[in-house]
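> Could you have a look at this structure, given as structure tokens, before my questions?
Bear in mind that the values in this text are calculations on the coordinates, not laboratory data. Note that this is a predicted model, so its numbers are computed, not measured. Cβ: placed from backbone, ideal geometry, glycine included. Neighbour counts: every protein chain shown.
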Amino acid sequence: MYNHPSQFEPLLPRDSQADHVLAMSHDLRTEAARLTGACQNGVSQELARLLRSMNSYYSNKIEGEHTRPLEIEQALRLDFSADAEKARLQRLAVAHIATEQWLYEQPVSLVEAYSAEFLCRIHRHLFGQLKDADRVVRLHDANGAVTEEMIVLPGEIRTREVRVKNHVAPAAAALPAMLERWSKVYGGVRRGELQIVAAAAAHHRLVWIHPFLDGNGRASRLHSLAVLGALELTGGLWSPLRGLARQAERYSERLGNADMARMGDLDGRGQLSERMLLEWIEFFIGVCLDQVRFMSQMLNLREMQNRLGALLAHEEHVVKRGLRMEALRPLHYLFATQGEISRGDFASMTGLGERTATTLIGKLLDTGLLRSDSPRGQVRFGIPLDALRFLFPSLWPEAEADAAAAR
């Protein structure tokens, strides 16, 4: 059993081996900055709201405990299933969304993000929202048989030994020293691309430490979101969680490979494999790059104009919902140029008469394509689930499927 911080070295690859992942990190920083600069605040807020639900779905799906996107939307309206297990999963989904929003609204410095105390706060915020019955964890023996049921204590470092598949987690007594080493190394890396390499490496090493009795995967992924936010890379516009879930088998495989012991004199200087750590870092940063590039395409202004036009021209929206092509110009304006405008300005941009424009605005609010904080307040661009197939195709296919089934 692991009982000393030296046993999970190296925490970072040697400079001589890191050229490729540092180059990938440079590309990620450049492309993420370009994406953030291209998106307006109003759209950013609505997209961040959507992505929080998507992240909750995908992070819980990785753990085999997800609920359907439509059921998440219902839970956010406090409409929980009569089925006890579905309701439990809905509560877990809502808790994940609330914790990500909490992280987004109170950003931290990079040094603070890597503190053990902040990590415990993430776990406490996530699981502290749940009742005892929702925090029951079943412990298994080497053969997979249930040996005990326990209640996870929010934010509490585990005090007992655990095994996760083939990985025997470090001894509970060693966790404070291991977390201190983890915090010192990753919170102290030099500024620049190495901080992104460190974010990737820290994710694996945190999962490897397994500091909590349960919820380590979810807490680690939320922690990675917080670190990427502290590095000013995401802006709430993209998330690696979607990419990790869409490659769940490779995600699990790469994490497992990075647990491997050092393989010969050319494989670094620590007890764990530097080669496999680099493989993991390359995978993680590659997922991030893929998600940034996908969202850059989705937020392209000309392509969004075409997608909005297709949505407004679709028979379902014209006949059943009373939408009109005259909404294209002001909707695209909201998306492209600023967060909110008055209802009067929106109506003027349609070119319609006052009464017809007012009716159209009401229908756009009903469909969720427009959002407002009050009955007469300013309006902003909205992203309802049933418009995803037009506005952001393939972003969240399961939500598209749910919306289609509900029509």
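> If we restrict to alpha carbons, what Rg and Dmax does the chain come to, in Å?
Values for the chain (Cα only, Rg and Dmax): 23.1, 78 Å.
> Could you give the length gained by full extension between Lys320 and Ala87, i.e. 0.36 nm per residue of separation minus their alpha carbon distance, to one decimal place?
Length gained, Lys320 through Ala87: 80.7 nm.
> Next up: Quick one: check the C-alpha center-to-center distance for the range 188-217 versus the range 1-55, whole angstrom.
11
> On to the next question. Got a sec? How would Glu249, Glu31 order by Cβ neighbour count within 10 Å, fewest to most?
Ascending number of Cβ neighbours within 10 Å: Glu249, Glu31.
> To make sure I understand, if each residue's beta carbon is the centre and we count other beta carbons within 10 Å, what order do His123, His210, His167 fall in, fewest to most?
His167, His210, His123
> Most exposed first by the Cβ proxy, i.e. fewest other Cβ within 10 Å, how do Cys120, Cys288 rank? Please report the intermediate quantities before stating the final value.
Numbers: Cys120 18, Cys288 28.
Sorted ascending by nearby Cβ count, the order is Cys120, Cys288.
> To continue, here is another question. Pulled fully out, how much extra length does the chain show between Val136 and Ala177, if you take 0.36 nm times their separation in residues and subtract their Cα-Cα distance? Working shown, then result.
Numbers: separation 41, 0.36 × 41 = 14.76 nm, distance 2.76 nm.
My answer for the length gained is 12.0 nm.
> Another question about this same structure. Could you list the residues of the range 110-136 with an amide nitrogen less than 15 Å from a label point located 7 Å from the Cα of Glu232 in the Cα-to-C-beta direction?
110-111
> Taking θ = phi - 60°, what integer Hz values does the Karplus form 6.51 cos²θ - 1.76 cosθ + 1.60 yield along the range 26-33, in sequence order, with x for Gly and Pro?
4, 4, 5, 4, 5, 6, 5, 5
> For the range 271-407, list log₁₀ I(q)/I(0) at each q in 0.09, 0.17, 0.18 Å⁻¹, using the Debye formula over Cα point scatterers of equal strength and ignoring solvent, two decimals each.
Each listed q corresponds, in turn, to -0.35, -0.93, -1.02.
> Express the relative contact order of the chain as a whole percentage, based on alpha carbon pairs under 8 Å and six or more residues apart in sequence.
22
> Give, in nm to one decimal, the length gained when the segment between Ser394 and Ser252 is fully stretched (0.36 nm per residue of separation minus the Cα-Cα distance).
Answer, rounded to one decimal: 48.8 nm.
> Taking Cα centroids, how far is the range 380-405 from the range 296-372 in Å?
The range 380-405 and the range 296-372 have Cα centres spaced 16 Å from each other.
> Obtain the radius of gyration and the Kirkwood radius of the range 197-309 from its C-alpha atoms and give Rg over Rh.
Rg/Rh: 1.07.
> So what does the Cα-only Debye profile of the range 1-107 read at q = 0.15, 0.18, 0.21, 0.24 Å⁻¹, as log10 I(q)/I(0), no solvent term?
Reported log10 I(q)/I(0), two decimals: -0.86, -0.95, -1.03, -1.17.
> While we're looking at this one, here's another question. Any chance you could count the Lys pairs in the chain whose alpha carbons are under 24 Å apart, treating pairs 8 or more apart or on different chains as valid? Write down the numbers at each step before the final one.
Details: Lys61/Lys86; Lys61/Lys131; Lys61/Lys165; Lys86/Lys131; Lys320/Lys363.
Summing the qualifying lysine pairs gives 5.
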